[in-house]
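For reference, the structure discussed in these notes is given below.
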Amino acid sequence: MSNRAATSLLLCSALLLCAPVVWAKPAPQGPQPSGRWSYEPVGSAPLPPMGWNSWNAFGVDITEAKVLGSANVIRSTGLQEAGYVNINIDDGWWRKRRSADGRMQIRTNLFPSAATGGPQETSFRPFTDHLHAMGFKAGIYTDIGRNACSQAWSPGNPNLPEGTQPEREVGLHGHVAQDLALYFGEWNFDTIKVDSCGLAHYPADKPTVRNGTYRAFGPIMADAVPNRTDIPAVKALYGEARDALRRIRPKGDYILSLCNWGAGNVRSWGPDYGTTWRTSNDIDATWGRMLHNFDSVATREFYAGPGHWSDPDMLEVGNGEFDAAHLTEARAHMSLWAIASAPLIIGTDLTRAPQGIIDVLGNREVIAVNQDRAGHQGVLAYADSEREIVVKTLSETGAKAVVLFNRTAVPTDITLTAQHLKMRGDAPIALRDLWGGADRDPLLGQRVFHLGPHEAIMLKAVGTPELAKGRYISEMPGRVHVAADGIAVLEPDPIIHRPADPYHPGTTSTGNRPAYAGWGGPRADATPYDQTLSIAGASFRSGLGTLAGARLEVKADGQFQRFSARVGVDDSTRGRRAGVRFEVYGDGRLLATSPVMRFGSPAAELSAPTGRARVIELIARQIGPDIANVVVTWGDARVE
Ligand code: GLA
């Protein structure tokens, strides 16, 4: 549809000179429909990647024997069959970049099979061949800048790259095409994790930069201060790596794992630049840090889906506060990652893992929730600072997975209702306890569950959907692509748990502050600022909360005939002056618009035949200025 409709008429002057005058109707402000599902996968991960990575277990003290040791256990214990197929090495593998031709050299004292032609002529091909012969895929690690995280943070470690300053520049910067061709061509890796210390941690005044060990870079990224990241520059660098990989592996048979710790608003652009993207700083094996990392993905349900996954970091199951003496915590951690559709990347030394830990990692029913083919991330159905109910729609008709989670160190009760599951309360809901491996009595209406300290109960529920026809869009977040979030000014998300900061132990700093942009992004069953959806006093348990200016693409694939919702400016809006017009498009054609809605006016019914559209687009268009963001609600938004 042209948005430049024009009208013309003839104006005649007193001198009878006539001239055509054309008034061009200005394009409406704000987002325009794309008419298509504009998300394009980067690499191939229809389901969250599963595997093992060396970092949480070994740090830079990595060896071929250690990697293969855990790989062997994955094979012999059935974890490989359960889905853990990616074996990824992290930081610590490199010796230097060869000065003659820039080819990367491997530390053959750590990876003996790489000494294919002596220390000068090294290759990971024997290593990847070995993993491939075992039925695994192989992953390698690099940095998007010139230097790596170990070089920034582990000075003096014997496994750091060596040689002259250029020889120590082991990151991709300046060598993107060469390095990726080596890693994915000759060395035949399948996965790459691309870290970003090179963009953030090499300022000119760093002692190792001042003394010439490393070259200064930027910084162009600040992990805790969104405003101090040059987002276009960071995207351009990651885009260069993505585009090179697309050329090297045109079939898309790779995983590109972005690792810039939730900085630079990556939670919104990650899906377009990587297969997975980290949403927070590094996890560690403490309860508080695990909560922090979970929270960084828990409210970003619309950003993940088949092919693209938010990454709250690798599992600590088996380590520290999640070891065999803490199986309750290990199961809770695993439950949360599973229901959040997070990558399940084991981070423990499996050669020393007791059976209890193998059992947590290998629970097939829990894994099946993570690997459900519909690829919907779990949505928060209830949350306070102590208890959460997370519900994930499964592909089986009428089935949901649910995690009831006690964040605290004291026992608590959680009442699960049919409403949380968007199921009818007057019909029995079959329940299966996934950690207990047993069916429970069906739920009728609601039930109280008693949870011990740090306990997560994980259930599969099969019941009668609340809607007689169709589905709430908030039940299907994997079908939504956030094409525009309407956020004009980045704000750090304040509802992410803030444990003691492992980078600044003690309390001499000013604290662990909210750090990750994304506050204000669209939400399922909540407003962008985590309030209950509400229009003129009427609240909605189901619906979409966005800012005015947002555009959502819903992948309908011709399966639905009608979209409907009750729309309006949300009662919690910050801006109360502007109007908002709600627009529904099917394959780019305008199907329905609301009147201009204002703060306080009751919800308007919006209903549109979608005529088997492949993509339904939802735009909340702001009409007129306001001094603050306008929060809108698509109450009960559904397709049938
Ligand atoms: C960063 C990453 C970690 C790990 C280390 C390696 O901290 O976030 O996951 O790769 O670097 O040095």
For region 185-222, the count of residues that are among the polar types (S, T, N, Q), closer than 27 Å to Gly307 by Cβ and within 16 Å of the ligand (Cβ to nearest atom) equals 2
So Thr415 passes all but one of these: (1) in contact with a Phe, Trp or Tyr (Cβ under 8 Å, 6 or more places away or on another chain); (2) β-branched (Val, Ile, Thr); (3) open to solvent by less than 40 Å² (accessible area, probe 1.4 Å). Which condition number does it fail?
(3)
Got a sec? Which of Glu121, Glu64 is within 21 Å of Gly163 (Cβ to Cβ) and either away from the ligand (no atom under 16 Å from the Cβ) or not aliphatic (A, V, I, L, M) (or both)?
Glu121
Selected residue (criterion: farthest from the ligand (Cβ to nearest atom)) from residues of region 132-141 that are aliphatic (A, V, I, L, M) and surrounded by fewer than 23 Cβ atoms within 10 Å (Cβ to Cβ):
Ala133
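Kindly provide the set of residues from region 606-640 that are charged (D, E, K, R) and in contact with a strand residue (DSSP E or B) (Cβ under 6 Å, 6 or more places away or on another chain), ordered by number. Working first, answer last.
Of all residues in region 606-640, those charged (D, E, K, R) come to 612, 614, 617, 621, 626, 636, 638, 640.
The answer is Glu617, Arg621, Asp636, Arg638, Glu640.
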Quick one: which of Val360, Val369 is touching a strand residue (DSSP E or B) at 6+ places or on another chain (Cβ under 7 Å) and at pLDDT 95 or above?
Val369
Answer from Arg267, Arg249, Arg278 - the residue that is in contact with a Cys (Cβ under 6 Å, 6 or more places away or on another chain) and not aliphatic (A, V, I, L, M)
Arg278
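How many of the residues in region 39-57 are within 13 Å of the ligand (Cβ to nearest atom) and open to solvent by 10 Å² or more (accessible area, probe 1.4 Å)?
Of region 39-57, the ones within 13 Å of the ligand (Cβ to nearest atom) are 53-57.
From what is left, the residues that are open to solvent by 10 Å² or more (accessible area, probe 1.4 Å) are 55-57.
Of the residues in that region, 3 qualify.
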Residues satisfying the stated conditions in region 205-234, i.e. open to solvent by 60 Å² or more (accessible area, probe 1.4 Å) and either touching a Cys at 6+ places or on another chain (Cβ under 7 Å) or part of a helix (DSSP H, G or I) (or both):
Pro207, Arg210, Asn227, Arg228, Pro232
So, of the residues in region 287-321 that are within 16 Å of the ligand (Cβ to nearest atom) and polar (S, T, N, Q), which turns out to be nearest to the chain's Cα centre (by Cα)?
Ser310
In region 151-183, which residue that is surrounded by 23 or more Cβ atoms within 10 Å (Cβ to Cβ) and not in a loop (DSSP other than H, G, I, E, B) is nearest to the ligand (Cβ to nearest atom)?
Gln151
Is there a residue in region 247-263 that is within 20 Å of Val480 (Cα to Cα) and either basic (Lys, Arg) or more than 15 Å from the ligand (Cβ to nearest atom) (or both)?
no
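Among the residues of region 251-267, what is the count of those that are within 18 Å of Ile220 (Cα to Cα) and either assigned to a loop (DSSP other than H, G, I, E, B) or open to solvent by 10 Å² or more (accessible area, probe 1.4 Å) (or both)?
First, pick out the residues of region 251-267 that are within 18 Å of Ile220 (Cα to Cα): 258-267.
Still in the list and also either assigned to a loop (DSSP other than H, G, I, E, B) or open to solvent by 10 Å² or more (accessible area, probe 1.4 Å) (or both): 259-262, 265.
Of the residues in region 251-267, 5 are within 18 Å of Ile220 (Cα to Cα) and either assigned to a loop (DSSP other than H, G, I, E, B) or open to solvent by 10 Å² or more (accessible area, probe 1.4 Å) (or both).
Kindly provide the set of residues from region 268-286 that are among the polar types (S, T, N, Q), surrounded by fewer than 24 Cβ atoms within 10 Å (Cβ to Cβ) and within 16 Å of the ligand (Cβ to nearest atom), ordered by number. Step through it out loud before you land on a result.
Applying the first criterion (among the polar types (S, T, N, Q)) to region 268-286 yields 268, 275-276, 279-281, 286.
Next, only the ones that are surrounded by fewer than 24 Cβ atoms within 10 Å (Cβ to Cβ) stay: 268, 281, 286.
Within region 268-286, Asn281, Thr286 meet the criteria.
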Of the criteria (1) hydrophobic (A, V, I, L, M, F, W, C); (2) within 20 Å of Gly264 (Cα to Cα); (3) open to solvent by less than 40 Å² (accessible area, probe 1.4 Å); (4) touching a residue at least 60 places away in the same chain (Cβ under 8 Å), which one Cys197 fails:
(4)
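The values are calculated or read from the model by the stated rules, or taken from the named source; none is laboratory data. Given the structure is predicted, the values throughout are model-derived calculations rather than measurements. Counting neighbours? That spans all protein chains shown, and the Cβs are built from the backbone with ideal geometry, glycine included. Side chains are part of the model used for accessible areas, which takes the heavy atoms of the whole protein and leaves out ligands, DNA and RNA. Shrake-Rupley method; radii C 1.70, N 1.55, O 1.52, S 1.80 Å.
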